[in-house]
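Participant: Pasting a structure below so you can have a look.
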């Protein structure tokens, strides 16, 4: 158990995507998302051609443990791999916990999957998405600018990324002439 957190105020710099005071800053490059994109050849070519930054997570200095409520800003860059839009890894919570995301800048959304059903929630500036316990979730940039959102979750929620690699998310989000669409996949 860590030292108890003391009260503090925080600033969310939406223009930069940073939280202050700062906690951990995590960067995910395309190579960190191996196994998630449908077109493996296009994925490997994009990694070899510079391994672009896909997303960053700027977290407040709040421990991920029971009783705490961590929060962070995630920024997903615009882009795609063979039409499949840039996204976060996605995860299930290891504890039966919910989560809230609020869109802050750009256009994107939440792809949710409970093992049988897939749902989509648009997240533009000010829109809030509620993620119930038991639903895997991933965020996707559907626009042509960086997409930023605030995440608030119980500290003991835990993150299971391997389960998403094994079971998928029920759908892929791909670019179309008019924007994007969900393409259902067998799980």
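The values are calculated or read from the model by the stated rules, or taken from the named source; none is laboratory data. In this text the structure is predicted, and so the values were computed from the model without any measurement. Cβ atoms come from the backbone with ideal geometry, glycine included; neighbour counts cover every protein chain shown.
Participant: If you go through segment 78-97, how many residues are modelled with pLDDT of 95 or more, out of contact with any strand residue (DSSP E or B) (no Cβ under 6 Å at 6 or more places or on another chain) and part of a loop (DSSP other than H, G, I, E, B)?
Facilitator: 3
Participant: Among the listed residues 61, 133, which satisfies the condition of being in a loop (DSSP other than H, G, I, E, B) and within 21 Å of residue 12 (Cα to Cα)?
Facilitator: Details: 133 fails: within 21 Å of residue 12 (Cα to Cα).
Step by step, each of 61, 133 is checked, and only 61 is in a loop (DSSP other than H, G, I, E, B) and within 21 Å of residue 12 (Cα to Cα).
Participant: With respect to residue 51, is the statement that it is more than 20 Å from residue 167 (Cβ to Cβ), in contact with a helix residue (DSSP H, G or I) (Cβ under 6 Å, 6 or more places away or on another chain) and in a loop (DSSP other than H, G, I, E, B) true? Please lay out each step first, then the result.
Facilitator: Details: more than 20 Å from residue 167 (Cβ to Cβ): yes; in contact with a helix residue (DSSP H, G or I) (Cβ under 6 Å, 6 or more places away or on another chain): yes; in a loop (DSSP other than H, G, I, E, B): yes.
Yes, satisfied.
Participant: Pick out the one residue from 100, 73 that is under 15 Å from the mean Cα position of the chain (by Cα), surrounded by fewer than 17 Cβ atoms within 10 Å (Cβ to Cβ), assigned to a strand (DSSP E or B) and touching a residue at least 40 places away in the same chain (Cβ under 8 Å).
Facilitator: On the way: 73 fails: surrounded by fewer than 17 Cβ atoms within 10 Å (Cβ to Cβ).
Result: 100 is the single residue among 100, 73 that is under 15 Å from the mean Cα position of the chain (by Cα), surrounded by fewer than 17 Cβ atoms within 10 Å (Cβ to Cβ), assigned to a strand (DSSP E or B) and touching a residue at least 40 places away in the same chain (Cβ under 8 Å).
Participant: Of the residues 113, 149, which single one is touching a helix residue (DSSP H, G or I) at 6+ places or on another chain (Cβ under 9 Å) and crowded, with 20+ Cβ neighbours inside 10 Å? It would help to see each step written out before you state the result.
Facilitator: Values: 149 fails: touching a helix residue (DSSP H, G or I) at 6+ places or on another chain (Cβ under 9 Å).
Step by step, each of 113, 149 is checked, and only 113 is touching a helix residue (DSSP H, G or I) at 6+ places or on another chain (Cβ under 9 Å) and crowded, with 20+ Cβ neighbours inside 10 Å.
Participant: Inspect all residues belonging to segment 15-31 and state whether any of them is in contact with a helix residue (DSSP H, G or I) (Cβ under 8 Å, 6 or more places away or on another chain), surrounded by fewer than 17 Cβ atoms within 10 Å (Cβ to Cβ) and in a helix (DSSP H, G or I).
Facilitator: Yes; the residues of segment 15-31 include at least one that is in contact with a helix residue (DSSP H, G or I) (Cβ under 8 Å, 6 or more places away or on another chain), surrounded by fewer than 17 Cβ atoms within 10 Å (Cβ to Cβ) and in a helix (DSSP H, G or I).
Participant: How many residues are free of Cβ contacts under 8 Å to residues at least 40 places away in the same chain and farther than 25 Å from residue 95 by Cα if we restrict to segment 123-157?
Facilitator: 4
Participant: Suppose we filter segment 35-69 for residues that are free of Cβ contacts under 8 Å to residues at least 60 places away in the same chain and surrounded by fewer than 18 Cβ atoms within 10 Å (Cβ to Cβ); how many remain?
Facilitator: 14
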